[in-house]
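Inspection log for the structure reproduced underneath, given as structure tokens.
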Amino acid sequence: MTSSDDVQQAPAKAPAKDPWDLPDVSGLVVGVLGGTGDQGRGLAYRLARAGQKVIVGSRAADRARTAAEEIGHGVEGAENADCARRSDIVIVAVPWDGHAKTLEALREDLAGKLVVDCVNPLGFDKKGAYALVPEEGSAAEQAAALLPDSRVTAAFHHLSAVLLQDEAIDEIDTDVMVLGESRADTDQVQALAARIPGMRGVFAGRLRNAHQVESLVANLISVNRRYKAHTGLRVTDI
């Protein structure tokens with residue numbers, strides 16, 4: 001006869017983690033490679049305005065410093081390698097045609113860093129914008145291949161540079177699709193997006209799905225041209 005003491009109790013199942021329970025990233029330094037371009041400058045401005053410590057990077061340190069002074073809010077400017085070394089999270093916002101070359105040159109400086117790729121591989125012709133398909137599948141996957149010692153994620157693809165840089169706008173009404181291989185890393189990027197008022201980071205899968213997110217920008221460009229708008233995205237029911 002078996003007593004109750006002899007019956008092994010199954011360990012209690014840990015409760016599911018709340019997907020909106022995100023880490024505090026307010027004390028992290030954010031570097032923006034391509035911070036002198038419209039998208040990079042806009043992201044740097046919004047994050048710095050929200051209280052984040054931001055360094056903008058450029059191939060030329062003097063250009064970076066000039067951009068930083070224009071952005072204000074305590075933003076610093078530095079040459080790309082210095083920007084990468086001094087930052088905890090590094091956003092890659094360089095033009096697509098310089099993407100691979102930039103990352104190859106910064107492989108050692110980006111080792112161990114959380115890298116957020118927001119580059120959209122696009123082409124343009126008389127019919128408008130269209131998506132390009134990199135050999136690796138997407139810009140984010142190219143970054144992961146070139147930066148084996150970095151933690152590569154993808155986010156901030158669908159933001160209007162015009163709205164980001166408009167000082168009269170207090171909130172950016174949009175969701176940010178965040179992709180990556182590690183939930184801890186994507187949680188940090190979601191938390192970073194949420195630092196910007198009106199913005200929300202939403203987990204959208206692994207890097208193998210980054211091409212769809214990047215290529216959607218071509219559709220948004222068409223929408224903007226047709227309706228004279230600066231569109232963003234919202235995901236419903238979450």
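The values are calculated or read from the model by the stated rules, or taken from the named source; none is laboratory data. Everything numeric here is computed off the predicted structure, so don't read it as measured data. Here the Cβ positions follow ideal geometry from the backbone for every residue, glycine too, while neighbour counts run over all protein chains shown. SASA here: full protein model, heavy atoms, side chains in, ligands and nucleic acids out. Shrake-Rupley method; radii C 1.70, N 1.55, O 1.52, S 1.80 Å.
Is at least one residue of segment 35-52 without any contact (Cβ under 8 Å) to a residue 60 or more places away in the chain, of a type in the set (D, E, K, R) and either over 22 Å from Gln190 (Cβ atoms) or in a loop (DSSP other than H, G, I, E, B) (or both)?
No, because not a single residue in segment 35-52 is without any contact (Cβ under 8 Å) to a residue 60 or more places away in the chain, of a type in the set (D, E, K, R) and either over 22 Å from Gln190 (Cβ atoms) or in a loop (DSSP other than H, G, I, E, B) (or both).
Please specify each residue of segment 65-102 satisfying the condition of being in a helix (DSSP H, G or I) and charged (D, E, K, R).
Passing the criteria: Arg65, Glu69, Glu70, Asp82, Arg85, Arg86, Asp97, Lys101.
Leu179: under 22 Å from Leu22 (Cα atoms) and touching a Gly at 6+ places or on another chain (Cβ under 6 Å), yes or no?
So Leu179 fits the description; yes.
If you scan segment 89-99, which residues turn out to be open to solvent by 70 Å² or more (accessible area, probe 1.4 Å) and closer than 16 Å to Arg41 by Cα?
Across segment 89-99, the qualifying residue is only Pro95.
Yes/no matrix, rows are residues, columns are (1) buried (at least 17 other Cβ atoms within 10 Å of the Cβ); (2) in contact (Cβ under 8 Å) with a residue 60 or more places away in the chain:
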| position | (1), (2) |
| --- | --- |
| Ala68 | yes, no |
| His73 | no, no |
| Ser87 | yes, no |
| Lys101 | no, no |
| Val119 | yes, yes |
| Ala139 | yes, yes |
| Gln142 | yes, no |
